[in-house]
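J.: There's a structure below that I have some questions on.
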Amino acid sequence: MPDVYELVLCDISGEHKPVALFQSERPFMPLHVGERFDDHGWDRLDGIGKIGSPAEPIRYLVFATKHVVFEQGGKMIYQFCVDLQPYSGPRSPAWGHQNPIA
């Protein structure tokens, strides 16, 4: 039975709904509450397309994570659900406080 790994990203501002979904044959790396997680161009599930870019990322912080495992269509699905809250604070000193150069 093949395994499918899904990273489900939810924006907790407003309606708290999934905004992006990524699938892989391998597990996604772990995330921790409080980590930065930036949108550099995700295809949005609601059909509005990409709103972030490398030059103008949409910045988030990881608010919470959850794991869900279920079988569907003969495959094991391992979902890693990540709740993201918008972030507008200063950029990380490690990356410089100014916006990235595209």
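The values are calculated or read from the model by the stated rules, or taken from the named source; none is laboratory data. Keep in mind the model is a prediction, meaning the values are calculated, not measured. Because the Cβ atoms are built from the backbone with ideal geometry, glycine has one as well, and the counts that use them run over all protein chains shown. The protein model used for the area step is the full one, side chains on, heavy atoms only, and it has no ligands, DNA or RNA in it. Shrake-Rupley method; radii C 1.70, N 1.55, O 1.52, S 1.80 Å.
J.: Count, please, the residues in region 19-55 that happen to be touching a strand residue (DSSP E or B) at 6+ places or on another chain (Cβ under 7 Å) and under 19 Å from TYR87 (Cβ atoms).
T.: Total meeting the criteria: 15.
J.: Taking region 10-34 only, how many residues are open to solvent by less than 40 Å² (accessible area, probe 1.4 Å), under 18 Å from HIS67 (Cβ atoms) and touching a Cys at 6+ places or on another chain (Cβ under 8 Å)?
T.: Matching residues across region 10-34 total 1.
J.: Moving on to the next point. If you take the residues in region 36-58 that are open to solvent by 70 Å² or more (accessible area, probe 1.4 Å) and in contact with a Leu (Cβ under 7 Å, 6 or more places away or on another chain), which one is farthest from ILE77 (Cα to Cα)?
T.: The selected residue is ARG36.
J.: How about region 40-81: which of its residues are under 19 Å from GLU15 (Cα atoms) and touching a residue at least 60 places away in the same chain (Cβ under 8 Å)?
T.: Selection gives CYS81 alone.
J.: Go through region 1-88 and tell me which strands (runs of 3 or more DSSP E), entirely inside it, have 1 or more residues that are among the charged types (D, E, K, R) and at pLDDT 90 or above.
T.: Ranges flagged: 3-11, 36-39, 58-72, 75-86.
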